[in-house]
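> Here's a structure for you.
Coordinate-derived values only; no laboratory data. What you are looking at is a predicted structure, and each value in this text was computed from that prediction instead of being measured. Cβ placement follows ideal geometry from the backbone for every residue including glycine, while neighbour counts extend to all protein chains displayed.
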Amino acid sequence: MSKLISISLSPNVEKDDVLLAFKLIFQPWRWKKGKAIEELEKEFKEYLDVKHAFSFNSGRSSLMAILNSLGLEKDSEVLLQAFTCNAAVNPIIWTGLKPVFVDVNEKTFNMDAEDLRKKITLRRDSGQAPRVVMVQHTFGLSADMDEILEICQKNNLILIEDCAHALGAKYKSKKVGLPADLSAEARRTEAETSAKAGTFGKAAFFSFSRDKVISSVYGGVAVTNDGDLAEKIKKYQEKSGFPCYDWILQQLLHPILMNWLVLPIYSIFGKYLLILFQWFQVLSKAVHWKEKRAMKPYYFPKRLPNALAILALNQFKKLEKFNRHRREIANFYSRELLNTKYRIPDTKYLDSHIFLRFSIKHPKAHEIIKNAWRKNLLIGDWYTTPIAPHDTKLDKMQYISGSCPTAERLAKETLNLPTHINISKEDAQRIVEFLKNYGN
């Protein structure tokens, strides 16, 4: 049986991360409160050059904190792209707001500016009042921030950046997730400040979940340069409290059991072992079944516990190495698949994008994914429906079928290739050979 190659089963975890989690298992006094929380927030502020950063137990909780702190009226509309995960939609619903879906650009998988304009006009013509635009940097490919920012300014809309896929990605030499400086001094020249490349929205959030840029199984951060908003997010963070010990233990066990038990025997019995661990709640799932129906699990929103902050800090130190590796693997895929029937992303801006996954298109994408899985190549599980995972109830997400035709088509044509630190050039070559033999 050939070696397992996976895209999402704890992809970033290295030996030092597993040993760190194992050590923490025996130090429960460090699980909830500790210095690592403040240190992670400080490191984040310095890395992004922002004034305020607040850690939470997930990107979902981070987004909830931002939305709750904006003081929006109930049922205010938040425009966001289709071709996303329910983790981006649910916090909007849980906060009492209304998601409105915008189609995506064929080339970048990001929000289509033209459709954004249309949706704003349509909503206002029908008497609705959009208040927020949430722009996603899909797969680590930065969105066209200048055009989207201009649309937001003209229509007096609040801009939030979803950087769950994009820690370290850049737009015009500035890191994504860098909010506009809305200090008292900056407000005097707000128009000028907002127009600068790299100073984008009112707030941004990041995710550290198990298959993101850095991984602490669960985790996230909300950032802003707006002092008033920061004050409200801080209060929301304090009010949220920490997750329970059982939940923290679940997350600490994840890298240990996955890397020492599940993955080494995945092809034989490991996948069934993973199902059993999740069934008996020894390990958590990336997406709870309630989330697929727009219901909120008990552990959102919560603060980031110290134990997971320790794991996130250890990964954060390796961020540049991780992203450099991603770009190298993406460049390899790009060269090898250039003259094939696969449509590949534009790597012209290789230094700007981080390629959390290298996403390609093919008319038989789903068939290719199924056959790859039979050969122990677990590729391509984002996004096979306009809102993932595939068994998400789209009506509960308030998605209207046919409203985003490009996203719906891409969900049938797109498959992802892994770029994470545990993918070697040899692994990438094996994937390329399969693709050339099967879909070319």
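> Percent relative contact order of the chain, based on C-alpha pairs within less than 8 angstrom and at least six residues apart?
Relative contact order, the chain: 25 percent.
> So, one more: Order of Leu263, Leu319 from fewest to most other C-beta atoms within 10 Å?
Numbers: Leu263 20, Leu319 16.
If I rank by nearby Cβ atoms, fewest first, I get Leu319, Leu263.
> Among 61-70, 92-101, what's the highest-first ranking by average C-beta atoms within 10 angstrom per residue?
61-70, 92-101
> Binning at 5 angstrom from zero up to the longest distance, how are the C-alpha pair distances of segment 349-429 distributed in percent?
Taking every Cα pair in segment 349-429, the percentages come to 3, 13, 20, 22, 17, 14, 7, 3, 1.
> Further question: Would you mind telling me which residue in Ser334, Ser58, Ser207 has the biggest mean-square fluctuation in a Gaussian network model of the chain, where springs connect alpha carbons within a distance under 10 angstrom?
Residue with maximal mean-square fluctuation among Ser334, Ser58, Ser207: Ser334.
> Please order Arg30, Arg335 by the number of other Cβ within 10 Å, starting at the fewest.
The fewest-first ordering by Cβ neighbours comes to Arg335, Arg30.
> Right, next: Just to check I understand the Karplus step: with θ = phi - 60° and J = 6.51 cos²θ - 1.76 cosθ + 1.60, what whole-Hz values come out for segment 133-143, glycine and proline as x?
The phi angles translate into 10, 10, 9, 9, 9, 5, 6, x, 9, 5, 6 Hz.
> Only helical DSSP H runs with n ≥ 4 go in: add -39500 (n - 2.57) per run for the chain, normalise by residue count and round the 222 nm mean residue ellipticity to 500 deg cm²/dmol.
The per-residue figure over the chain is -12000 deg cm²/dmol.
> Using Cα centres only, tell me the gap between segment 373-403 and segment 14-31 in whole Å.
33
> Can you grab the distance from the C-alpha centre of segment 235-302 to the C-alpha centre of segment 104-136, Å, no decimals?
Going from one Cα centre to the other spans 34 Å.
> What is the distance, in nm, between label points placed 7 Å from the Cα along the Cα-to-Cβ direction at Phe22 and at Leu249?
2.0
> Quick check on packing: order 282-290, 295-303 by the mean number of other C-beta atoms within 10 Å, highest mean leading.
Packing proxy ranking, top to bottom: 295-303, 282-290.
> Could I ask something else about it? In which sequence would Ile354, Ile151, Ile310 go, from the one with the fewest C-beta neighbours within 10 Å to the one with the most?
On the way: Ile354 27, Ile151 19, Ile310 24.
By the 10 Å Cβ count, ascending: Ile151, Ile310, Ile354.
> Could you tell me the relative contact order of segment 319-439? Use alpha-carbon pairs under 8 Å, at least six residues apart, and round to a whole percent.
In percent, rounded to a whole number, it is 37.
> Starting from 0 in steps of 10 Å, tell me what percent of the Cα-Cα pairs of the chain lands in each bin.
Bin by bin from 0 Å, the calculated values are 4, 22, 33, 27, 11, 2, 0.
> Express as a percent, rounded to the nearest 5, the fraction of DSSP beta bridges in the chain (both residues included) that run antiparallel. Numbers along the way, then the final one.
Details: 20 of 41 bridges.
The answer is about 50 percent antiparallel.
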